[in-house]
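Bear in mind these aren't lab numbers, they're just calculated from the coordinates by the rules spelled out. Note that the coordinates shown come from a computational prediction; the quantities given were computed from them, not determined experimentally. Glycine gets a Cβ as well: all are built from the backbone with ideal geometry, and neighbour counts include every protein chain shown.
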Amino acid sequence: MTVQLSAEGNSAVVRVLDEGPGIPEEALPHVFDRFYRAQPSRDRSTGGAGLGLAIVAAIVRAHAGTIVAERRPEGGSAFTMRLPAIRE
């Protein structure tokens, strides 16, 4: 997993890249829904409850930010969060 942080205009951008199997294209619109699991047949002990990304999205949106999930062409997934930057 790789975590990248950058500044773009008035936004702080956090990008999380993984190298796993990736999220199926048809699942991408739903990954931030509560209790959604891309592979519902997986055992809960290894597959989670489907709340992690929903919680992350709620926190990002509560801070006036955005979050996007996408498949990486080389494999894996990318999650990009944009948050308003505070300048001092």
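Tell me the angle of helix 52-62 to the major Cα principal axis of the chain, expressed in degrees between 0 and 90 and rounded to the nearest ten.
With rounding to tens, the tilt is 20 degrees.
Can you tell me the mean projection area, over all orientations, of the convex hull of the chain's alpha carbons? Units nm², please.
Here the figure is 6.5 nm², rounded to one decimal.
To the nearest 20 debye, what is the magnitude of the charge dipole of the chain about its Cα centre, counting +1 on the Cβ of each Lys and Arg and -1 on the Cβ of each Asp and Glu?
260
How much length, in nm to one decimal, is gained on full extension between His63 and Asp33, taken as 0.36 nm per residue of separation minus their Cα-Cα distance?
So the chain would gain 9.0 nm between His63 and Asp33.
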